[in-house]
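What follows is one structure encoded as structure tokens, with my remarks underneath.
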Amino acid sequence: MSADSSFRNQRPEDHVNELNGTVLGPAVQARDVHGGIHLHQASTPLPRPTQLPAGGILVDRAETLALLDAACSGRGGTGVPKVAVVSGPAGIGKTTVALHWSHRERGAFPDGQLFADLRGHAVDAPVQPAEVLGRFIRAFGVAPGRIPGDLAERSALYQSLVSGRRLVVVLDDALSAAQVNPLLPASADSVAIVTSRWRLAGLLMRGARGVQLGRLSPAASLTLLERTVGDDRVHGEPEAAGELVELCARLPLALCVAAARLATRPHWPLSEMVEALSHERRRLSELSVEDDMTIRAALTLSYRGLSPQEAARVYRLLGLFPGTTFDSRAVAATVGLPLVQVRHLLEVLTDANLLDDVPGGHYRFHDLTRLHARELAEQLDPAATREETARRALDWFLYTAWSASQVVLPYRRVSREAVIHEPAEPVVFTGPAQALDWLEDEFANLRAAVRAASERGLFDVAWQLVDGIWPLFLYRGHHAERLEVDRLGLAAARACSDSPGEAKMLNRTGLALRALGRLDEAADDFRGALEIWRREGNRQRVAGSLRRLGLVEKDRGRVDEAIALFGEALDGYRAVGRSRKVALTLCDLGDAMTVRDRQAEAVECLTEARRLLAPEPDPYNQARVLVLLGRARAGGPTAAADLLERALEEMRRIGSDDGEAQALEALGDLALENGHRDDARERYEEARRILVRRGARSARLDDRLSRLSGN
């Protein structure tokens, strides 16, 4: 009797309709169904990013705002964003104008606001478009591990997310049209505001509207001064006030800095500020750019008025800090002062308009302010002090990165041998998520620290910093940035003739290249590491390089060669007693044997791997071995299905999209093998949706679905 006829002959009282176990998502319980079943489930809306920082005081910009209104009104053509380029010299107020307009109009863009400081004219290198795209994509709730590494793929995913949405995107301090182009939303309902010291003709040629910003009028300059120091002081000394705004060249930044200085000295006449500023302009007359000279003069006056004097020292030394932002703990470690005192000094510097406070308890310099602080440090602080300060900052990053690494990957063997100054009040991470968030938030600063260490000849610090960042790449991707950082580490290890460090970095660059599909280059780096480990006589590391070479051979489709390399690696790991590494290599070996239809041997390898992984704090690989056992059909089709369902549930529990897709694909293969074509298609499509959502390649699933549709 067939299963269908058996079901038809059941009596109603024989039918049991129960729902047991854990159920995720909607469930349907039915016995007899006549007609169709329609399931409707609301999709989870994307988060609405709100990234606009607060704007400064705005005066005398009504005409400019009207030009922005005109540039951003109406609808663009298909795939043509509305773009306005706000340009002008340093300190003219470009960012303030862009933010003021964007805040004012945010109601017209209900789907969110994105902001990025492109650092086109900073002391450090400008921000790369791929990095900004990664931040924007994460702002829409996409997990870092789902973000592709390739710039073109990131751009495509970004455009998919913003398509049909009404957004305002502010791109601050752009260097070139090439830096901006990938970040423009190709949506007729969105607007991009770009600020730059350059007019960016490349964008104007593509239809962007240019808005040139000039210096303030004398009346507007006085208004800005009144808002900061008070009407009575300005009206009480009208001549001095007029001289002051001209000495500041009617530049908003210079005026704000000078006004902040006056605001902290309520009994100081404006005429004294005029005299002092005139003196500073003479002292800085060697500068060739008038606007920069004006701003530096104002900054110098604010600096000289700092109280207590320790605030002036912190200001100077922070000019040597690598990176763009810093929090109070980083500053305390850098300048060697207690955290409580540093927090007060940072408030003093912020009140003086020498620092900007940014969300998350961080601070940053304006680019010219940072340059001014660094120049003062070079003039006033001994070389030994400057070197110690820079080293303290680098030690802060190295110590904290390694602390985060140990929390995320407790089985890693880490060393802080290069650290000279351990922070007195370090960050204490409460768990892996917080540690990964710190690495994520500080990634730009960590890269800057790697470069700074190399520039100062501290090559051991540089490559060990790169090694400390590893958990971020392992768990959250950053594929576009990963290879660049790893190669910085490799160059540093070679520069200090550290052979083990060079081999570690070769393994890192090899893994980055493999993730990008550049298999020949990856194999070259793995072989370079293998040669070093053999010279060093390190059997464990030799085994690791052999295993990585096996993975490359498997990627190439040379499965027999991969099996041989996995076998060599396994022997090496067994010889040195590294049970976790033995288990991971057994997983690779078992997977390769399954591909070669050697299921019995595969199950034997994977069963041992499962036993070895059971006591380890490694839920991902514990679930992965279940997927591999299911693929090898351990215990037959029914048992294999149970293994795969358990693996799927666990991958979902730990939030591994990649693992979830693997389990779904394996379940699809099993369903197809059993003749359940619709079930197979459903599993494949679900796995493919996951991979596409995270920006990963789905060629194998595309091929399976194509064949199902064609038959």
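The values are calculated or read from the model by the stated rules, or taken from the named source; none is laboratory data. The structure displayed is predicted, hence computed values, not measured ones. Cβ placement follows ideal geometry from the backbone for every residue including glycine, while neighbour counts extend to all protein chains displayed. What goes into the accessible areas is simple: the full protein's heavy atoms, side chains included, and nothing from ligands, DNA or RNA. Shrake-Rupley method; radii C 1.70, N 1.55, O 1.52, S 1.80 Å.
Data overview
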{"quantity": "Yes/no for residue 180 being hydrophobic (A, V, I, L, M, F, W, C) and not in a helix (DSSP H, G or I)", "calculated": "no"}
{"quantity": "Residues of region 467-485 satisfying the condition of being touching a helix residue (DSSP H, G or I) at 6+ places or on another chain (Cβ under 7 Å) and over 24 Å from residue 118 (Cβ atoms)", "calculated": "467, 468, 470, 471, 475"}
{"quantity": "Region 130-150: number of residues that are of a type in the set (A, V, I, L, M) and open to solvent by less than 10 Å² (accessible area, probe 1.4 Å)", "calculated": "4"}
{"quantity": "Residue match in region 409-426 (condition: more than 21 Å from residue 504 (Cα to Cα), of a type in the set (D, E, K, R) and either open to solvent by 30 Å² or more (accessible area, probe 1.4 Å) or part of a helix (DSSP H, G or I) (or both))", "calculated": "yes"}
{"quantity": "Filtered residues of region 316-350 (kept if touching a His at 6+ places or on another chain (Cβ under 9 Å) and of a type in the set (D, E, K, R))", "calculated": "327"}
{"quantity": "Candidate set from region 317-326 (those that are touching a Leu at 6+ places or on another chain (Cβ under 9 Å) and either open to solvent by 30 Å² or more (accessible area, probe 1.4 Å) or outside any helix (DSSP H, G or I) (or both)); member that is nearest to residue 427 (Cα to Cα)", "calculated": "326"}
{"quantity": "Residues within region 377-401 that are open to solvent by 10 Å² or more (accessible area, probe 1.4 Å) and either among the aliphatic types (A, V, I, L, M) or within 24 Å of the chain's Cα centre (by Cα) (or both), tallied", "calculated": "4"}
{"quantity": "Whichever residue in region 185-213 is over 29 Å from the mean Cα position of the chain (by Cα) and open to solvent by less than 40 Å² (accessible area, probe 1.4 Å) and, among such residues, is farthest from residue 256 (Cα to Cα)", "calculated": "211"}
{"quantity": "Residues within region 624-658 that are among the hydroxyl-bearing types (Ser, Thr, Tyr) and under 30 Å from the mean Cα position of the chain (by Cα), tallied", "calculated": "1"}
{"quantity": "Filter result (touching a residue at least 24 places away in the same chain (Cβ under 8 Å) and out of contact with any Gly (no Cβ under 9 Å at 6 or more places or on another chain)) within region 670-687", "calculated": "672, 673, 674, 677"}
{"quantity": "Test set (1) of a type outside the set (A, V, I, L, M, F, W, C); (2) under 23 Å from residue 339 (Cα atoms); (3) in contact (Cβ under 8 Å) with a residue 60 or more places away in the chain - residue 468 fails condition number", "calculated": "(2)"}
{"quantity": "Number of positions in region 115-148 that are of a type in the set (A, V, I, L, M), touching a strand residue (DSSP E or B) at 6+ places or on another chain (Cβ under 8 Å) and over 24 Å from residue 374 (Cα atoms)", "calculated": "3"}
{"quantity": "The one condition in (1) over 30 Å from residue 159 (Cα atoms); (2) crowded, with 19+ Cβ neighbours inside 10 Å that residue 663 fails to fulfil", "calculated": "(1)"}
{"quantity": "Count - residues of region 367-376 that are surrounded by fewer than 23 Cβ atoms within 10 Å (Cβ to Cβ), modelled with pLDDT under 85 and touching a helix residue (DSSP H, G or I) at 6+ places or on another chain (Cβ under 7 Å)", "calculated": "1"}
{"quantity": "Residue among 277, 284 that is surrounded by fewer than 21 Cβ atoms within 10 Å (Cβ to Cβ), more than 20 Å from residue 94 (Cβ to Cβ), modelled with pLDDT under 80 and not basic (Lys, Arg)", "calculated": "284"}
{"quantity": "Pick from region 334-349, criterion open to solvent by 30 Å² or more (accessible area, probe 1.4 Å) and in a helix (DSSP H, G or I), ranking: nearest to residue 295 (Cα to Cα)", "calculated": "347"}
{"quantity": "Spans of helices (runs of 4 or more DSSP H) in region 592-711 with at least 1 residues touching a Ser or Thr at 6+ places or on another chain (Cβ under 7 Å) and under 25 Å from residue 551 (Cβ atoms)", "calculated": "599-613, 619-631, 677-693"}
{"quantity": "Filter result for residue 105 (within 30 Å of residue 660 (Cα to Cα), open to solvent by 10 Å² or more (accessible area, probe 1.4 Å) and among the acidic types (Asp, Glu))", "calculated": "no"}
{"quantity": "Index of the failed condition, residue 265 passing every other in (1) modelled with pLDDT of 75 or more; (2) in contact with a helix residue (DSSP H, G or I) (Cβ under 6 Å, 6 or more places away or on another chain)", "calculated": "(2)"}
{"quantity": "Index of the failed condition, residue 566 passing every other in (1) open to solvent by 10 Å² or more (accessible area, probe 1.4 Å); (2) in contact (Cβ under 8 Å) with a residue 24 or more places away in the chain", "calculated": "(1)"}
{"quantity": "Output for region 141-170, where each listed residue is part of a loop (DSSP other than H, G, I, E, B) and more than 25 Å from residue 512 (Cβ to Cβ)", "calculated": "141, 163, 164, 165, 166, 167"}
{"quantity": "Residue check for residue 364: touching a residue at least 40 places away in the same chain (Cβ under 8 Å), open to solvent by less than 60 Å² (accessible area, probe 1.4 Å), in contact with a helix residue (DSSP H, G or I) (Cβ under 9 Å, 6 or more places away or on another chain) and at negative phi", "calculated": "no"}
{"quantity": "Residues located in region 106-150, provided they are farther than 20 Å from residue 87 by Cβ, touching a residue at least 40 places away in the same chain (Cβ under 8 Å) and among the charged types (D, E, K, R)", "calculated": "106, 111, 124, 131, 146, 150"}
{"quantity": "Check on residue 610, out of contact with any helix residue (DSSP H, G or I) (no Cβ under 7 Å at 6 or more places or on another chain), surrounded by fewer than 23 Cβ atoms within 10 Å (Cβ to Cβ) and either in contact (Cβ under 8 Å) with a residue 60 or more places away in the chain or under 29 Å from residue 634 (Cβ atoms) (or both)", "calculated": "no"}
{"quantity": "Enumeration of residues in region 489-518 that are outside any loop (DSSP other than H, G, I, E, B), over 25 Å from the mean Cα position of the chain (by Cα) and over 27 Å from residue 577 (Cβ atoms)", "calculated": "494, 495"}
{"quantity": "Qualifying residue in region 239-248 (condition: farther than 15 Å from residue 58 by Cα and in contact (Cβ under 8 Å) with a residue 40 or more places away in the chain)", "calculated": "yes"}
{"quantity": "Residue list for region 552-563, filter: open to solvent by 30 Å² or more (accessible area, probe 1.4 Å) and assigned to a helix (DSSP H, G or I)", "calculated": "554, 555, 556, 560, 561"}
